[in-house]
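**Student:** Handing you a structure now.
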Protein chains: 2
Amino acid sequence: MIASTHHTALADLIGAENVLVEAGDRAGYETGARYDRGEAALVLRPRDTEQVSLAVAYCVRNGIAIVPQSGNTGVVSGSTPDASGDQVVLSLDRLTKTFALDVENRSLHVDAGFRLSDINGRLEEHGLQFPIDLGADPGIGGMLSTNTGGSRFLKFGDVRRNVLGIKVVLADEHGTVLDLLSGLRKNNTGVDWKQVFIGTSGAFGIITECEINLEALPRQIATALLVPRDGKAVMPLLAAMERRLGGYLSAFEGMSRNAVEATLAHVPSLRNPFQNGVVPDYVILTEVSRDWDLREGEQALDAVLESVLAEIWELDGAPLLDAFVGPAQEMWALRHALSEGVKHRGRLVGFDLSFRRQDVIAFCDWMKDALPAKFPGVLICDFGHIGDGGVHFNLVFDRGAHHDAEVETALREWVYAVAVEQFGGSFSAEHGIGRKNQMFYDLYTDATRRTLADGLKAITSPAQLGAVRFGSA
Amino acid sequence: MIASTHHTALADLIGAENVLVEAGDRAGYETGARYDRGEAALVLRPRDTEQVSLAVAYCVRNGIAIVPQSGNTGVVSGSTPDASGDQVVLSLDRLTKTFALDVENRSLHVDAGFRLSDINGRLEEHGLQFPIDLGADPGIGGMLSTNTGGSRFLKFGDVRRNVLGIKVVLADEHGTVLDLLSGLRKNNTGVDWKQVFIGTSGAFGIITECEINLEALPRQIATALLVPRDGKAVMPLLAAMERRLGGYLSAFEGMSRNAVEATLAHVPSLRNPFQNGVVPDYVILTEVSRDWDLREGEQALDAVLESVLAEIWELDGAPLLDAFVGPAQEMWALRHALSEGVKHRGRLVGFDLSFRRQDVIAFCDWMKDALPAKFPGVLICDFGHIGDGGVHFNLVFDRGAHHDAEVETALREWVYAVAVEQFGGSFSAEHGIGRKNQMFYDLYTDATRRTLADGLKAITSPAQLGAVRFGSA
């Protein structure tokens, strides 16, 4: 709890309507998308960078901890307050004034409060997009703070690759505004400071505005579901596709049978696309796309994909068991529903891992062998991004399996240890760090980097900011 | 000069053959590619990260300033010693042991001493490349330290986009080795520290190893020279090309008549490709490429490019005066010779600028109007990367034009002021910061960022390192 004099003072600074005090008003800002429920002392909803700066300066001077929050769709408790009731949530959801499109530069200056769907909805008429494809609909500020990746990383990369400039408010006594806005693609004039704030959960500063790179919307899309012969056939399949389709290839997503079955069961409107309804052990959703209209004399993209698959079908080792080209929307609907689908299969313990590309399947296969003996009744419902090495390694306690907090903790620690220590993987590929995986950050980050983070914290935002701690203290 | 006891001590640490003392041996390490000649106290040529660490620790403990040097092909005096004779050059040219290719992951772990041409030469048989296209042949360590861009940025981005991990030696008393090596594409587990060392000229640490992203080599290429109606037609041309060719478009490079004429005069082996040998005011070299072999039923890329140009020819406003599809090698030979060509036209004052894409031509046009009155006899020999907003804005004092150091300084200051203050551009798009443009860094970097750089310096490499200074002191 914080003193009510602070309510009044903050209301004077940014307007009473921008300070939420009542429990009912605060509730929506206190719960994470997947984990946790905390309690906020207050929720602040400033309208622009200047108000963010005023609010931050006030909080810092009065020793009030701030948790910045964007769309609050993250799954690692990176944007929700803890249970103390002492933290103030600073929501960015009203930062929705600036939307300045520069078509010739293919870039957009936008306030942090816009949702991805808003941005791409408005860009559609210009044939442009912010090319990050996610199941969720986060705010753009949060997307920068977590450096989201998504399903088309293979073609477009992550958020980091698509940011030209940002404006940041630092948690110091002045609420210093660091103006790193830029519409430039090439600019090597010293430290690229924006990189420090991208992907660090708001711990070093609050991103309030950004200028982002835009890409052309795809104008031709073809998708297919591929059934690999077995796990060992997946990388040869990817290689064969990359060799024949190169820059056309915009997605190569793996889906396990367990994940697909859970999703088909949970979302009855999804059509089961498999022969006789039998879901194969592992399926790959692949997409090829071109960002121009079909030209005269050019083969339709469906036909290109079909002929490529026919070639791959004939390859030595027969990596392909089955394949069918089908409607993109239907196939992506299945892919995008997986995250919700596995959540409803049972008690979910989710891991957002990444590896060298060839190790995604190697890791999953290793787990299929080792998990049942160690944690009986736990189902592997993995899906992910083979093309970039990411995998949402979801474990679900089947009905009847023994589950308690202790088992879950043991499971979590074991999986991370295998992923990081044995397979050289990342314990957070694209979800970032939040309270939920803080202990694994502490465990797997060497002392040198934690000390460096302490130093970085001291020079940027010395006051407490965000839900997590990257340093050593 | 430094005491000869240091020579002996360093020779004990890294081997006498790795310490160059004699003037004749040092000379090649003391001269920059375009500017300056300094004097080194010693040249150190360690063989691996451990030797770099030993040498750095020794120098730091003994107060000896180090200038790391890679291929030494930069043009801003970022890797050469000053005239004092007190600095030690630490050359990376013998760091050529590790070359570990991971084909499935499309990545390469490589020591900092390999040249770009070595790397791409070895990758060719695997159909892969490190996709940074430059006229020069730098070392990979230096490429990371300057974050080079080049002519195919439009498709592949800069070095920063293509680095997965690095190993760095910090300039502290221990020569601390910061191991940020990684083969992962998605990894959001805290501060992405490698970003601090990429593009900062070695001031915060010496990159000794890296793991880089590889892309498929192009298998089909078509190039054309386009003659736009005038400056105003350039952006509509780019838009028309992007709309019709999207991801095929791998270069869109502008070349001014002065630059082309100077180059044709300097390199007689280049064929003049223009009708009756008359070079147009402005020419665009455009390239489309596909990274797979021509498929049955697929139109050849030359034909695609020709039909696109035919469509553009018919557009309202007639943006195209002339266009001809021709041999890629010949056209790129001209493009890559421009840098040398303009150097031989007369006394060169080079600027490596960038803008929002539409402002490249706007800036050049503005300069064409304003320059002659202010600096008579100075020729604009610009060429650059319209597709990413970069321009090598080269000014040449024509024979007979008044030139002295004072005029050159005034010219330099005026051009930067117009570029940065009036057009919102960058004073160093892809060459980075060196002694040559240190004063413009000081002039155009706000106090907040310089103070932040002081702090960053203190926590990474507190000792003097590199040819430049990013902080305030």
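The values are calculated or read from the model by the stated rules, or taken from the named source; none is laboratory data. All of these numbers come straight from a predicted model, not from anything done at the bench. Cβ sites come from the backbone with ideal geometry, for glycine too, and all protein chains shown count toward neighbours. The area values use the complete protein model at the heavy-atom level, side chains included, leaving out ligands, DNA and RNA. Shrake-Rupley method; radii C 1.70, N 1.55, O 1.52, S 1.80 Å.
**Student:** If you check A:375, A:397, A:383, A:393, which single one turns out to be among the aromatic types (Phe, Trp, Tyr), in contact (Cβ under 8 Å) with a residue 24 or more places away in the chain, surrounded by fewer than 23 Cβ atoms within 10 Å (Cβ to Cβ) and touching a strand residue (DSSP E or B) at 6+ places or on another chain (Cβ under 7 Å)?
**Tutor:** Answer to the selection: A:397.
**Student:** Of everything in the stretch A:307-326, what is in a helix (DSSP H, G or I) and not aliphatic (A, V, I, L, M)? Give them in sequence order.
**Tutor:** A:307, A:311, A:313
**Student:** Are there helices (runs of 4 or more DSSP H) fully within the stretch A:1-96 with at least 3 residues that are in contact (Cβ under 8 Å) with a residue 40 or more places away in the chain and not charged (D, E, K, R)? List them.
**Tutor:** By residue number, A:4-14, A:49-61.
**Student:** Test each condition in (1) surrounded by fewer than 21 Cβ atoms within 10 Å (Cβ to Cβ); (2) on the phi < 0 side of the Ramachandran plot; (3) in contact with an Asp or Glu (Cβ under 8 Å, 6 or more places away or on another chain) for residue A:300 and report the one that comes out false.
**Tutor:** (3)
**Student:** Here is a follow-up. Answer yes or no as to whether residue A:144 is facing another protein chain (nearest Cβ under 9 Å), of a type in the set (A, V, I, L, M) and crowded, with 23+ Cβ neighbours inside 10 Å.
**Tutor:** no
**Student:** Going by the structure shown, is residue B:380 β-branched (Val, Ile, Thr) and within 14 Å of chain A (Cβ to nearest Cβ)?
**Tutor:** no
**Student:** Filter the stretch A:274-306 down to residues that are touching a Gly at 6+ places or on another chain (Cβ under 7 Å) and not in a loop (DSSP other than H, G, I, E, B) and give me whichever is nearest to the other protein chains (Cβ to nearest Cβ).
**Tutor:** Taking the candidates together, the pick is A:290.
Every residue, every condition in (1) in a helix (DSSP H, G or I); (2) surrounded by 24 or more Cβ atoms within 10 Å (Cβ to Cβ), yes or no:
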position: B:210; (1), (2): no, yes
position: B:224; (1), (2): no, no
position: B:232; (1), (2): yes, no
position: B:240; (1), (2): yes, no
position: B:262; (1), (2): yes, yes
position: B:269; (1), (2): no, no
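**Student:** Within the stretch B:349-372, which residues are open to solvent by less than 20 Å² (accessible area, probe 1.4 Å), away from chain A (no Cβ under 14 Å) and hydrophobic (A, V, I, L, M, F, W, C)?
**Tutor:** Those that are open to solvent by less than 20 Å² (accessible area, probe 1.4 Å), away from chain A (no Cβ under 14 Å) and hydrophobic (A, V, I, L, M, F, W, C): B:349, B:364, B:367, B:371.
**Student:** Right, here's the next one. Any residue in the stretch A:229-247 that is within 7 Å of chain B (Cβ to nearest Cβ) sitting within a Cβ distance under 8 Å of a residue that is assigned to a helix (DSSP H, G or I) and of a type in the set (Asp, Glu)? List the pairs, counting only those 6 or more apart or interchain.
**Tutor:** What qualifies is A:244/A:311.
**Student:** Out of all the residues in the stretch B:40-52, is one or more open to solvent by 10 Å² or more (accessible area, probe 1.4 Å), closer than 30 Å to residue B:343 by Cβ, in contact with a strand residue (DSSP E or B) (Cβ under 9 Å, 6 or more places away or on another chain) and of a type in the set (Asp, Glu)?
**Tutor:** No.
**Student:** Considering only the stretch B:449-467, how many residues are under 15 Å from residue A:192 (Cβ atoms) and of a type outside the set (Lys, Arg)?
**Tutor:** Counting residues in the stretch B:449-467 that are under 15 Å from residue A:192 (Cβ atoms) and of a type outside the set (Lys, Arg) gives 4.
**Student:** Part of a strand (DSSP E or B), buried (at least 22 other Cβ atoms within 10 Å of the Cβ) and small (Gly, Ala, Ser), is that true of residue A:254?
**Tutor:** yes
**Student:** Is it true that residue A:151 is farther than 27 Å from residue B:453 by Cα and either out of contact with any Cys (no Cβ under 6 Å at 6 or more places or on another chain) or charged (D, E, K, R) (or both)?
**Tutor:** Against the criterion (farther than 27 Å from residue B:453 by Cα and either out of contact with any Cys (no Cβ under 6 Å at 6 or more places or on another chain) or charged (D, E, K, R) (or both)), residue A:151 qualifies.
**Student:** Name the single residue that is farthest from the other protein chains (Cβ to nearest Cβ) among those in the stretch B:400-431 being in contact with a Gly (Cβ under 9 Å, 6 or more places away or on another chain) and exposed (fewer than 13 other Cβ atoms within 10 Å of the Cβ).
**Tutor:** Out of the qualifying residues, it is B:400.
**Student:** Could you look through the stretch A:277-301, keep only residues that are over 19 Å from residue A:127 (Cβ atoms) and of a type in the set (D, E, K, R), and pick out the one that is modelled with the lowest pLDDT?
**Tutor:** The extreme case among them is A:296.
**Student:** Could you please find all residues in the stretch B:160-174 being buried (at least 24 other Cβ atoms within 10 Å of the Cβ) and in a loop (DSSP other than H, G, I, E, B)?
**Tutor:** B:170, B:171
**Student:** Here is a follow-up. If I go through the stretch A:153-169 residue by residue, how many of them are within 10 Å of residue A:213 (Cβ to Cβ) and of a type in the set (Lys, Arg)?
**Tutor:** Qualifying residue count, the stretch A:153-169: 1.
**Student:** For the stretch A:432-462: of the residues being open to solvent by 50 Å² or more (accessible area, probe 1.4 Å) and outside any helix (DSSP H, G or I), which is farthest from the other protein chains (Cβ to nearest Cβ)?
**Tutor:** A:462
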